[in-house]
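A.B. asks: Can you read through this structure? Questions will come right after.
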Amino acid sequence: MEFAEPVRKGLGSVLVWGSDRTAAALCAYAVARSSRARLVWLDIRSPDGTKDEYVPLLERLVPAESRYATRKVSEMGPQDATANAALSTVIRADEPKAVVANLFQFLSLPRLIQEIAARFAAPTDPLVLFSTSVDRIVHLYPEDTEATRKFHLTSQEQFVKIVSSFTGPERRDRFAFDHVFRIAPGPVQRWRPLSLTSERSNLPANTSGAQPTPLEQDDSLRAVLRECGLSR
């Protein structure tokens, strides 16, 4: 069994969330890698600086030149003030409103995402931005589905597909993502009982998550677990 083509291909955003941080991260990575596009990993580190258990696992799989990590959580906050200042000094008065709005949205993205998009993404070579532990930045953003959706659309306009892992209490704005997968609770040491289920009814039958899918029944995820030494 495999993730549906709309999940893997195109620029539609994907969220994988659950109670286990490592399971969510590895599942999200399996989605990101299955897209076959250029992949950059952005890890949102714990505020106390410690590395999560998934970090050494993913470091085996993601080349060093494709890894980014936050030094502090505040780096991932919106840059609205900077965007406003830039628009007041750079944009001509006769610029079309659509151009101004698009530029403002891009300049409002966290600087790190702006940097990654500018460096790696292109119309002929879209980028998969694989972000782990995005729950650590939710306090910087309102629980507003429309606002979160604008964030994703702005990223897509820069040819960036967002694939994120999340651990913690559910948020309403998770449905800003085009695809939302929830992992059933369970300890990371026991992968077999864990299952993945789509929270949106937009998947074809017989694809991963359309019905509760044991993690090791998904081909992409099974390969990731094997390469991490967590499964045969």
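The values are calculated or read from the model by the stated rules, or taken from the named source; none is laboratory data. Keep in mind that what you see is a predicted model, and the values were worked out from it rather than measured. Virtual Cβ from ideal backbone geometry, glycine too; neighbours counted across all protein chains shown. Remember, those area values only see protein heavy atoms, side chains included, never the ligands or the DNA or RNA. Shrake-Rupley method; radii C 1.70, N 1.55, O 1.52, S 1.80 Å.
A.B. asks: Being of a type outside the set (Gly, Ala, Ser) and open to solvent by 20 Å² or more (accessible area, probe 1.4 Å) is the filter here, so list the residues in region 35-56 that pass it.
C.D. replies: Of region 35-56, the ones of a type outside the set (Gly, Ala, Ser) are 36, 38-45, 47-48, 50-56.
ARG36, ARG38, LEU39, ARG45, PRO47, ASP48, THR50, LYS51, ASP52, GLU53, PRO56, listed by residue number.
A.B. asks: Criterion first (in contact with a Phe, Trp or Tyr (Cβ under 7 Å, 6 or more places away or on another chain), open to solvent by less than 30 Å² (accessible area, probe 1.4 Å), at pLDDT 85 or above and not in a strand (DSSP E or B)) does VAL62 satisfy it? Write out each step before concluding.
C.D. replies: On the way: in contact with a Phe, Trp or Tyr (Cβ under 7 Å, 6 or more places away or on another chain): yes; open to solvent by less than 30 Å² (accessible area, probe 1.4 Å): yes; at pLDDT 85 or above: yes; not in a strand (DSSP E or B): yes.
Here the answer is yes, as VAL62 does meet what is asked.
A.B. asks: Here's something else I'd like to know. Inside region 14-29, can you point out the residues that are within 23 Å of SER155 (Cβ to Cβ) and among the β-branched types (Val, Ile, Thr)?
C.D. replies: VAL14, VAL16
A.B. asks: Report, ordered by the first and then the second residue, all pairs with beta carbons closer than 6 Å, sequence separation of six or more or different chains, a first member in region 130-153 that is within 22 Å of GLY18 (Cβ to Cβ), and a second member that is assigned to a strand (DSSP E or B) and among the acidic types (Asp, Glu).
C.D. replies: Listed pairs, sorted by first residue: THR132/ASP43.
A.B. asks: Listed residues ASP43, ASP48, ASP20; which is modelled with pLDDT under 95, among the acidic types (Asp, Glu) and over 21 Å from PHE175 (Cα atoms)? Spell out the reasoning first.
C.D. replies: Numbers: ASP43 fails: modelled with pLDDT under 95; ASP20 fails: over 21 Å from PHE175 (Cα atoms).
Within the list ASP43, ASP48, ASP20, the selection yields ASP48.
A.B. asks: Shifting gears a bit: List every residue pair whose Cβ atoms sit under 9 Å apart, with the two residues 6 or more apart in sequence or on different chains, where the first one lies in region 47-72 and is without any contact (Cβ under 8 Å) to a residue 24 or more places away in the chain and over 16 Å from ALA28 (Cα atoms) and the second, anywhere, is open to solvent by 60 Å² or more (accessible area, probe 1.4 Å) and part of a loop (DSSP other than H, G, I, E, B).
C.D. replies: If the second residue must be open to solvent by 60 Å² or more (accessible area, probe 1.4 Å) and part of a loop (DSSP other than H, G, I, E, B), the pairs left are GLY49/ARG71.
A.B. asks: Here's another thing I want to ask about it. With the structure loaded, tell me whether LEU26 is closer than 22 Å to MET76 by Cα and in contact with a Cys (Cβ under 9 Å, 6 or more places away or on another chain) or whether it fails that test.
C.D. replies: Values: closer than 22 Å to MET76 by Cα: yes; in contact with a Cys (Cβ under 9 Å, 6 or more places away or on another chain): yes.
Taking the combined requirement at face value, the residue satisfies it.
A.B. asks: Here's something else I'd like to know. Mind telling me which of the residues ALA32, ALA69, ALA4 ends up being open to solvent by less than 10 Å² (accessible area, probe 1.4 Å) and under 21 Å from THR167 (Cα atoms)?
C.D. replies: Working: ALA69 fails: open to solvent by less than 10 Å² (accessible area, probe 1.4 Å); ALA4 fails: under 21 Å from THR167 (Cα atoms).
So the residue among ALA32, ALA69, ALA4 that is open to solvent by less than 10 Å² (accessible area, probe 1.4 Å) and under 21 Å from THR167 (Cα atoms) is ALA32.
A.B. asks: Restricting the search to region 108-157, which residues are open to solvent by less than 40 Å² (accessible area, probe 1.4 Å) and of a type in the set (Ser, Thr, Tyr)?
C.D. replies: Correct list: SER108, SER131, THR132, SER133, THR148, THR154, SER155.
A.B. asks: Moving on. Just to be sure I understand the filter: pairs with C-beta atoms under 6 Å, separated by 6 or more residues or on different chains, first member in region 9-33 and within 21 Å of LEU127 (Cα to Cα), second member open to solvent by less than 10 Å² (accessible area, probe 1.4 Å) and of a type in the set (Lys, Arg). Which pairs pass?
C.D. replies: If the second residue must be open to solvent by less than 10 Å² (accessible area, probe 1.4 Å) and of a type in the set (Lys, Arg), the pairs left are LEU11/LYS161.
A.B. asks: A further question follows. For region 178-220, give me each residue that is open to solvent by 20 Å² or more (accessible area, probe 1.4 Å), modelled with pLDDT of 90 or more and of a type in the set (A, V, I, L, M, F, W, C).
C.D. replies: The answer is LEU203, ALA205, ALA210.
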